Amino acid sequence: MSANEKNTTNTHQANAQWGGRFAGGPAAIMQDINASISFDKALWRQDIAGSLAHAAMLAKTGIITPTDETRIREGLKDIAAEIEAGTFDFSTALEDIHMNIEARLSERIGEAGKRLHTARSRNDQVATDFRLWVRDAIDGLDAQVTALIETLCARAMEHAATPMPGFTHLQTAQPVTFGHHLMAYVEMLGRDRGRLSDARRRLNESPLGSAALAGTSFPIDREMTARALGFDRPTANSLDSVSDRDFALEYLSALSIMAMHLSRLAEEIVIWCSAPFSFIRLSDAFTTGSSIMPQKRNPDAAELIRAKGGRITGALVGLLTVMKGLPLAYAKDMQEDKEPVFAATDAAALSLAAMDGMVRDLSVNAQQMRACAGSGFSTATDLADWLVQVLKLPFRTAHHVTGRLVGKAEARGVDLSQLTLQEMQAEEPGITADIFDVLTVEASLASRTSLGGTAPDNVRAQAGRWQKALAAEKEGKKA
C-alpha cells in the first residue's frame, strides 16, 4: 500500500469513527497533537475491563441483547489476547486506546461492536480507565514500600546497638544508633503508605455512566458497573465525574512526599559513602567507576534517586498547572494528565527498588561510626542532664556549667571525659567521679529510654512492632 493510500485509509478510518459531522480528514499536525495512543495504550487492560462491565450492564438492563453482549465479551477477550501477543495494530488516526479498541471490536464482530458505546462517552470512559490504572499503581507501589520498610526494619534490628553520631545542622549533636536512624525512615514510609491508602480510598468511585457531562437518558445501572470494577460506589455528580483529576493530583502529591523521603535517605547514603565519613560501603552492584580516576566508587544509584525526586515533583506541578484554569466539564487539556502520572509512577517504582537494594547491600563501618559518635562533645547533654538529675541544678544553670566545661576541654584539645575531676569541680563543686560513668557513648545511648528514644532496647522493640504489624497485615490479606 502506498503512503497516499495509507493516509487515505487512516483518514477514512478516523472519519468513520466520528460519523457524518466531519467531511474532511484532519491535518497532519492536528492528528499529531490530538493523538494520545502513543502513551494511553498503557490503559488497555483498564479499558477492556470497563467495557466488559459496561456491556454486561447494558445487557442486564435490556439496552442491548444478551447475544450482542456475548459477542462483545468474546471480541474484547480476543483483542486483549492480541495486545498481549503484540499483534494489535495501534493506529494514530484513531487517536486513543478507547477508539482503537472499539474500532477493532467492530472489525471483528460487526454491528454488535458498534452498540458498546451506548450510554457512555469517552469522557466517562477515560475517567474510569484512569482511576482504575492509578488504583492498580497504588497497589503495586504499596507492596514496594512495604518491602522497603521490612528491609529497613531488618537492618535496624541488626544495628539496634551500633552507635553513630546524630546530627543537627549536619553538626555532631548526640549519639544515636544506626538502627534508630533507619527506623526514622520507616516512620516516614509508613506515613507514605497512609497517604497512598487515603488517595486510593478517595479515588475508588466509578465515573462510568456519567457520559459526556450530563448523564444519560438510558436506564443504566451505575451501581452494577461500580461493583463489577471493584469501586465502592458511583460518583455523585456527572459534571465532576468527567472533569475531576483530584485523584491523580493526590496520587502525585503522595508520590512527591515519598520521593522526598527517598531523596533524603539517598543523600545520607551519598554522605556516608564519602571518604571523610566512611560510615558505610556499597558494593559494585550499586556503584560505578570513573572514566579517569581509577580509585573512584560513585554511589550513582543514590544520586539518581535524588534526581528522580525532582521529576516526580515536576509531574505534580505540571498537572496542577494544566488543571488550574479549566472550566467544567471536560477539556482536551486533560489529555495531558496521563504522561506525567505514568512517568512519575515508573520513577517511583524504580527508586523504591533501587533503595531497597542499597539498604540490603550496604555494609556498616561500625568502628568509624563509633569513633564519630563520641566526637564533637556529643555527650555534653548527658553531663547537663546529670547535673539536673543528681545535683538538682536548674537546667539553664546546668547548661551554662556544661558550656564552660566544653570550652575548657576544647581549649585543651581533649574530650569531656578526659577532663580531670578537679577541672570539673572548678566549674561546679558538687560534681563527683560518678560523672564519668555518663560521659561514654554507650551510657548515653542506654539512657535514652523515653518513648521514641534511641536506646537499643527501644529500637529493637520499635522494629519488632513494625515487623509484627506487617506480618499480621499480610496474614489478613491471605484470609
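The values are calculated or read from the model by the stated rules, or taken from the named source; none is laboratory data. Predicted, not measured: the structure shown is a model, and the values here were computed from it. In this analysis, Cβ positions are derived from the backbone assuming ideal geometry, glycine residues included, and neighbour counts consider all displayed protein chains. Note: accessible area is taken over every heavy atom of the protein model, side chains too, but ligands, DNA and RNA are not part of it. Shrake-Rupley method; radii C 1.70, N 1.55, O 1.52, S 1.80 Å.
With the requirement that a residue be of a type outside the set (Val, Ile, Thr), closer than 22 Å to Gly166 by Cα and touching a residue at least 40 places away in the same chain (Cβ under 8 Å), what does the range 430-446 give you?
Matches in the range 430-446: Leu439, Glu442, Ala443, Ser444, Leu445.
If you scan the range 371-402, which residues turn out to be in contact (Cβ under 8 Å) with a residue 12 or more places away in the chain and over 17 Å from Val176 (Cβ atoms)?
Answer for the range 371-402, where residues must be in contact (Cβ under 8 Å) with a residue 12 or more places away in the chain and over 17 Å from Val176 (Cβ atoms): Leu383, Ala384, Trp386, Leu387, Val390, Leu391, Leu393, Ala398, His399, Val401, Thr402.
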Practice prompt. Scan the range 388-397 and give yes if some residue there is surrounded by 17 or more Cβ atoms within 10 Å (Cβ to Cβ) and part of a helix (DSSP H, G or I), otherwise no.
Written response: no
Fill in: Selection count where residues are in a loop (DSSP other than H, G, I, E, B), crowded, with 16+ Cβ neighbours inside 10 Å and among the hydrophobic types (A, V, I, L, M, F, W, C), scope the range 413-428
1
Practice prompt. Filter the range 79-96 down to residues that are at pLDDT 95 or above and crowded, with 21+ Cβ neighbours inside 10 Å, then give me how many there are.
Written response: 1
Item to complete: Please give the number of the condition Asp232 fails out of (1) under 30 Å from Arg264 (Cβ atoms); (2) surrounded by fewer than 16 Cβ atoms within 10 Å (Cβ to Cβ); (3) modelled with pLDDT of 95 or more; (4) not aromatic (Phe, Trp, Tyr).
Response: (1)
Discussion item. The conditions are (1) more than 45 Å from the chain's Cα centre (by Cα); (2) closer than 20 Å to Val441 by Cβ; (3) outside any helix (DSSP H, G or I), and Ala409 fails exactly one of them. Which is it?
Written reply: (3)
Worksheet item: If only one of Ala348, Ala343 is assigned by the TED database to the domain that holds Arg281, under 14 Å from Tyr251 (Cβ atoms), among the aliphatic types (A, V, I, L, M) and surrounded by 22 or more Cβ atoms within 10 Å (Cβ to Cβ), which one is it?
Response: Ala348
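Residue-wise test of (1) under 19 Å from Ala42 (Cα atoms); (2) part of a loop (DSSP other than H, G, I, E, B); (3) not basic (Lys, Arg).
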| residue | (1), (2), (3) |
| --- | --- |
| Ile72 | no, no, yes |
| Glu82 | yes, no, yes |
| Ala93 | yes, no, yes |
| Met99 | yes, no, yes |
| Leu116 | no, yes, yes |
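If the requirement is being open to solvent by less than 30 Å² (accessible area, probe 1.4 Å), farther than 30 Å from Leu405 by Cα, in the same structural domain as Met258 (by the TED database) and in a helix (DSSP H, G or I), which of these qualifies: Ala307, Ala329, Ala302?
Numbers: Ala307 fails: open to solvent by less than 30 Å² (accessible area, probe 1.4 Å); Ala329 fails: in a helix (DSSP H, G or I).
Residue meeting the stated conditions: Ala302.
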Worksheet item: Could you say which residue among Ala59, Ala80, Ala127, Ala49 is aliphatic (A, V, I, L, M) and assigned by the TED database to the domain that holds Lys338?
Response: Ala127
Worksheet item: So which of Phe218, Phe279, Phe247 ends up being among the aromatic types (Phe, Trp, Tyr), open to solvent by less than 50 Å² (accessible area, probe 1.4 Å) and over 24 Å from Lys332 (Cα atoms)?
Response: Phe279
Worksheet item: Any residue at all in the range 174-190 that is open to solvent by 30 Å² or more (accessible area, probe 1.4 Å), part of a strand (DSSP E or B) and at pLDDT below 95?
Response: yes
Practice prompt. Just give me the residues in the range 363-399 being closer than 30 Å to Ser283 by Cα and among the aliphatic types (A, V, I, L, M), in sequence order.
Written response: Val364, Ala366, Met369, Ala371, Ala373
Worksheet item: So which residues in the range 44-76 are among the aromatic types (Phe, Trp, Tyr) and under 16 Å from Gly230 (Cα atoms), if there are any at all?
Response: none
Discussion item. Need the failing condition index for Val459 against (1) farther than 30 Å from Ala275 by Cα; (2) touching a residue at least 40 places away in the same chain (Cβ under 8 Å), just the number.
Written reply: (1)
